[in-house]
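Here the structure comes first, spelled out in structure tokens, and everything after it is commentary.
The values are calculated or read from the model by the stated rules, or taken from the named source; none is laboratory data. In this text the structure is predicted, and so the values were computed from the model without any measurement. Neighbour counts are summed over all protein chains in view; Cβ atoms, including those assigned to glycine, are modelled from backbone coordinates with ideal geometry.
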């Protein structure tokens, strides 16, 4: 590390003192610019990449250099240059390579000569994949995203184009960032990133994680897994010949190597495959360069196209590495048009870094203490890819606006401006959209705000057979009480028009960041009290909307309720490792309630509402009583990796499962509490991505009652059933099970929820159907208490319908009962998975 910092310091001093600039354009034989061409010094990986206009720029000390310029499909050009003046211009005009086709006679039923080359490349794939055991290099990343079109309205709402940063035609740059990152990697899967500097137009963090794409891997991950959770099959993967067709389109000579240009063509659509060109060197059979593309016809999600261009150069006589990589994407959906480029330029490769023991720790990415402090002059001196005019304009305008906002942050004008930007409250907000207002104020070195949110009246309406139509008021006041401190006050008021009961309580949440043994974490306190109405199963297996639909339209009242005066105090700490400890105590004076209405929209004399007291507990009375319950819960996930900022660490994820331990104690003889029980639970869950073979998810738990001397209905172990047509708690519920039939106080029980998401593994082979990009999902849910109390269900379904809908067909089996068959609808797929994550 000290060696690297010393070299960087010397480079900066040289740049500030005597560095000269050589710049120019790279064009083809028609004087057209060649975007993202490679320019570097012979014998090194020091160099640059042209921008979209074909312009390049290099900062070098005075001296003699041999510059090499190359571009896919064009003859490499070498020029000797003596750099002696502060500014020197050198343009490159590249000629197309003179492709030659070997005289090979292809007999009937024979194959193209490209296949023999590809077979040799496949044989050498593993060697080149593992050739370098560890290495380090520097990576410059520039990302730019532009909007090419924005609709005037979307989902009934008018689009504020000015706020989005685009013009009246919906065009403009919406993201621009640069970063300089040191990459250190070791086989097979160790990597560590050190962000030297990061910059984003208008301020904030840029895109600092380099897109490390290796076509020597059998399965290639293209940027983020959401764009293709199965990954993509490399054109030289072990089984590539089963997926691709190849055609040799020519050969050319370069530095004593014969380079073959091979066209890559997928055999079938709707498979995770590339198309385009791969260039392979003769005899050593290594990748020379690539120009490959993914499209939405080949399982690319969220985008229309993603082009990946790489140029490989020698860093030692035996080792070639990627010199530059360009990702270009385009997407057009619902009137929105977007395109972008992400340029990675790699330099200063060291394939024998001699890393010390313990170098790879839990920190995946570390930011330098001055990562966001570098001035514009520093970026101008080290930037290997010249900015384009639109990028220069974007930096200038957004940085100026950000500076003006910072300079005026404490002015009365600034505060008044923020206040005035808020939209006035309209009747539609009160009735449907909800009301939100913010009050801005100055504190220390920042502008903070308090906010008031009120849920709309119509969305606050509820209906159940106990209260009838419920009028509710649910405001939330959020107060910023200091740096990283938030106080939230949430009153809940509801009135049942049928039973004429008023239930009202207030919940106060206080959250603050703090350090424990120099490790950052977050504390959360919750204090609540008043009178409320609750479901017997405190996991709330049926929500209000589903209950209203079934009650009013189908005359089926699944929600079972009781009222309670209560007080609740809870503390939780989320540790730096993302582990979480929660401790809470709740006191309830529980009151039984009965149905008071049988109103339905569609009258059905063949059906009757069931009593509010669950039929399954008809022989177990529920009378008014008091309960004091202590709850403890701990969640942990070993092997957590971190992103380390100058002031804290942020958990990034782990390859290991998440474990949970919970314990509940019913405390008798305190404040007239009658409950007396000890309940425990241990659970483990994980989400495993097997790439081409799909993703496997599971949630397994065991638990039981150590002591069940006095267990009231709300304290039973309830298994989350589901008797409605839709489901969202896939790994924490049973899709066809009744809500309370299997509730228990047994000393031991076990549950298992497993599901496999094929992500197109099978459905992409069905003609015509595969165009829909609907994916198969299958699994099973089960629990076991004893030979008389057990349940198993299996299901198969289709997800990714419209990118977010999932439909399952489920069969449920229980001892001594007939098989149940049902259909369930929920969220699943690319966008549906995001919705579930938010839930």
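Annotations for the structure displayed:
- Single match in 364, 418, 355 (criterion: at pLDDT 90 or above and not in a loop (DSSP other than H, G, I, E, B)): 364
- Criterion violated by residue 815 - all others in (1) over 30 Å from residue 271 (Cβ atoms); (2) at pLDDT below 95; (3) crowded, with 17+ Cβ neighbours inside 10 Å satisfied: (3)
- Test: residue 299 is under 26 Å from the mean Cα position of the chain (by Cα), buried (at least 22 other Cβ atoms within 10 Å of the Cβ), in the same structural domain as residue 146 (by TED's automatic domain parsing) and within 26 Å of residue 197 (Cβ to Cβ): no
- Residue list for the range 79-104, restricted to those being surrounded by fewer than 12 Cβ atoms within 10 Å (Cβ to Cβ) and touching a residue at least 60 places away in the same chain (Cβ under 8 Å): 84, 85, 86, 87, 89, 95, 98, 100, 101, 102
- Failed item in (1) modelled with pLDDT of 95 or more; (2) touching a strand residue (DSSP E or B) at 6+ places or on another chain (Cβ under 7 Å); (3) more than 17 Å from residue 526 (Cα to Cα), with residue 492 passing the rest: (3)
- Just one of the listed residues (73, 109, 43) is modelled with pLDDT under 90, closer than 25 Å to residue 318 by Cβ and not assigned by TED's automatic domain parsing to the domain that holds residue 320, namely 43.
- Subset of the range 180-207 (residues that are farther than 23 Å from residue 231 by Cβ and assigned to a loop (DSSP other than H, G, I, E, B)): 201, 202, 203, 204, 205, 206
- Test: residue 686 is more than 26 Å from residue 744 (Cα to Cα) and either without any contact (Cβ under 8 Å) to a residue 60 or more places away in the chain or assigned by TED's automatic domain parsing to the domain that holds residue 744 (or both): yes
Residues checked against (1) buried (at least 16 other Cβ atoms within 10 Å of the Cβ); (2) in contact with a strand residue (DSSP E or B) (Cβ under 6 Å, 6 or more places away or on another chain); (3) under 30 Å from residue 181 (Cβ atoms):
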{"site": "615", "(1), (2), (3)": "no, no, no"}
{"site": "622", "(1), (2), (3)": "yes, yes, no"}
{"site": "654", "(1), (2), (3)": "yes, no, yes"}
{"site": "669", "(1), (2), (3)": "no, no, no"}
{"site": "677", "(1), (2), (3)": "yes, yes, no"}
{"site": "693", "(1), (2), (3)": "no, no, no"}
{"site": "709", "(1), (2), (3)": "no, yes, no"}
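- Selection of the range 823-839 for residues being surrounded by fewer than 18 Cβ atoms within 10 Å (Cβ to Cβ) and modelled with pLDDT of 90 or more yields 823, 825.
- Boolean, residue 714 is crowded, with 16+ Cβ neighbours inside 10 Å, at pLDDT 95 or above and not in a strand (DSSP E or B): yes
- Residues that are buried (at least 21 other Cβ atoms within 10 Å of the Cβ) and in contact with a strand residue (DSSP E or B) (Cβ under 7 Å, 6 or more places away or on another chain) within the range 756-772 comprise 757, 759, 760, listed in sequence order.
- Among residues of the range 152-173, those that are surrounded by 14 or more Cβ atoms within 10 Å (Cβ to Cβ) and either at pLDDT 85 or above or at positive phi (or both), counted: 5
- The single condition from (1) modelled with pLDDT under 90; (2) in contact with a helix residue (DSSP H, G or I) (Cβ under 9 Å, 6 or more places away or on another chain) that residue 20 fails is (2).
- Selection from the range 651-676 of residues that are at positive phi and outside any loop (DSSP other than H, G, I, E, B): 653
- Test set (1) outside any strand (DSSP E or B); (2) under 30 Å from residue 595 (Cα atoms) - residue 504 fails condition number: (1)
- Within the range 367-383, tally of residues that are part of a loop (DSSP other than H, G, I, E, B) and over 30 Å from the mean Cα position of the chain (by Cα): 1
- Residue 777 vs. criteria surrounded by fewer than 18 Cβ atoms within 10 Å (Cβ to Cβ) and part of a strand (DSSP E or B): no
- Tabulated pairs, the range 58-78, first closer than 12 Å to residue 46 by Cβ, second modelled with pLDDT under 90 and part of a loop (DSSP other than H, G, I, E, B), C-beta under 6 angstrom, 6+ apart or interchain: 59/19; 66/42; 68/42
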